[in-house]
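Take a look at the structure below.
Each reported figure results from applying straightforward, stated rules to the coordinates on display, with no laboratory input. Please read all numbers here as calculations on a predicted model, not as lab measurements. Reconstructed Cβ throughout: ideal geometry from the backbone, glycine too, with neighbour counts over all protein chains shown.
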Amino acid sequence: MNSLQKEEKRVAKRRQVYKPILENPFTNEAKLWPHVTDQKLVLELLEEKVLKRWKLLQDMGNNEESITVGFNEIVDLLSHGKDEYMLFVCNKDLPSVLISQLPILCETSDHTVTLVQLPRLSSAKFDDAFRDVVHDGMCLVRTHAHYQDFAKMISTKVEPLSIPWLHSAQFKKAPVKLLATTAPIIKKQGKQGKQVPS
């Protein structure tokens with residue numbers, strides 16, 4: 001029996017069925033991140049206005065209270081209160097399991113958060129600036145006083161965060177559809193273990 005006949009025989013033993021599937025908004029997580037028109041310039045501005053200032057203050061023995069780094073610290077801060085922030089994330093250098101929910105967190109937070117994705121290998125800049133401080137590839141900057149002009153420059157390069165289904169899908173019927181596929185034809189078993197033709 002040649003390969004064509006074998007394939008025809010294999011296909012003949014399968015039947016078409018329809019399986020329900022649920023459209024899942026989480027399967028396209030990459031598009032949740034707002035587009036940045038000039039990531040290289042944004043990184044340069046971040047380094048010049050934020051990271052260098054952090055290093056200088058640390059060398060002087062002072063803390064920069066407007067900057068928060070580290071996943072747990074940032075999530076905790078965004079979970080309560082109300083203020084304006086910019087969240088810079090080295091999302092291309094981090095595992096998706098760590099950062100996949102950050103856009104949703106920013107969207108649902110009572111704070112006004114500008115979410116900014118940075119170009120690949122940006123985490124090296126963070127390592128140099130934060131040194132021994134665990135930063136997890138993310139930096140939250142409170143946009144007041146010293147950072148107001150910086151925030152205005154960044155906002156012109158970053159599109160607003162938008163997750164439409166997060167607000168509109170709450171009371172909608174689940175979008176279940178039928179997917180055409182095939183399943184093997186299995187003969188039914190009789191009580192005595194004998195096969196009964198289907």
For Ser79 and Gln101, calculate 0.36 nm times their separation in residues minus their Cα-Cα distance, and state this gained length in nm to one decimal. 6.6 nm
Under 8 Å for C-alpha pairs, at least 6 residues apart: give me the relative contact order for region 29-161, rounded to a whole percent. 41 percent
Order of Asp136, Asp93, Asp76 under a 10 Å beta carbon neighbour criterion, fewest first: Asp76, Asp93, Asp136
Which ordering of Ile163, Ile67 is given by a fewest-first count of other beta-carbon atoms within 10 Å? Ile163, Ile67
At R0 = 22 Å, how high is the FRET efficiency between Asn72 and Lys92 if r is their beta carbon distance? Nearest 0.05 is fine. 0.55
Gain upon complete extension [Thr108, Thr156; 0.36 nm per residue less C-alpha separation]: 15.0 nm
Which semi-axis lengths, in whole Å and largest first, follow from the square roots of five times the eigenvalues of the Cα gyration tensor of region 29-161? 20, 16, 16
Phi angles of region 138-147, converted by Karplus (6.51 cos²θ - 1.76 cosθ + 1.60, θ = phi - 60°) into ³J(HN,Hα) in whole Hz with x for Gly and Pro, give 9, 9, 9, 10, 7, 8, 9, 6, 4, 9
What ³J(HN,Hα) values, in whole Hz, does the Karplus curve 6.51 cos²θ - 1.76 cosθ + 1.60 give for region 38-53 when θ = phi - 60°, with x put for Gly and Pro? 9, 5, 5, 5, 4, 5, 5, 5, 4, 5, 6, 8, 10, 5, 5, 5
Could you work out how far apart the two model spin labels at Met60 and Lys187 are, taking each label as a point 7 Å from the Cα in the direction of the beta carbon, and quote it in nm? 8.7 nm
